Each structure stands twice: as C-alpha cells, then as structure tokens.
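The values are calculated or read from the model by the stated rules, or taken from the named source; none is laboratory data. Given the structure is predicted, the values throughout are model-derived calculations rather than measurements. Every residue, glycine among them, receives a Cβ derived from its backbone with ideal geometry; neighbour counts consider all protein chains shown.
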Amino acid sequence: MPSPRQVLGHAGEESALRLLCSVGQQLVQRNYSCRMGEIDLILLDGDTLVFVEVRSRAGGAYGGAAA
C-alpha cells in the first residue's frame, strides 16, 4: 500500500503529465531510472526532448505553484 507521500507524488506527476500533453507534448518515458537517479517524465516537444522533475506539496504555506 503506497504511503500518503507516494500518493501525493503520483497525483502531482499525473497532473503535470495531463497539462504537458494538453499543450501537445508526447510522453516518451515515465519514472526513468539509471545509476545517476530517476527522471519523473520524459516528453517530446516537436523534435526536443523535455526532462521533467515533478515536485508536489499538499499545503499552500510556501506559496502557489509558481513558487
């Protein structure tokens, strides 16, 4: 069973993916892992690869999404 933190992280990734796909980017890989770490989303924007690290938080104590 995933922890509340994992559930929040997954929801944040889903939200980011929906937004990026809605503006025309195409998903290439999700949660790519290698020796150096992990990349949440890899997308294609035209002929450009886009690497995305998603950060999620539940409260607004530190500002909104642009913070």
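Of all residues in the stretch 23-67, those satisfying the criterion of being of a type in the set (A, V, I, L, M) and free of Cβ contacts under 8 Å to residues at least 12 places away in the same chain are 23, 36, 61, 65, 66, 67. Just one residue in the set 49, 27, 8, 19 is surrounded by 12 or more Cβ atoms within 10 Å (Cβ to Cβ) and either of a type in the set (Ser, Thr, Tyr) or at pLDDT 95 or above (or both); that residue is 27. Identify, please: which residue in the stretch 30-46 is among the charged types (D, E, K, R) and surrounded by fewer than 10 Cβ atoms within 10 Å (Cβ to Cβ) and is, among those, farthest from residue 3 (Cα to Cα)? Residue satisfying both the conditions and the ranking: 35.
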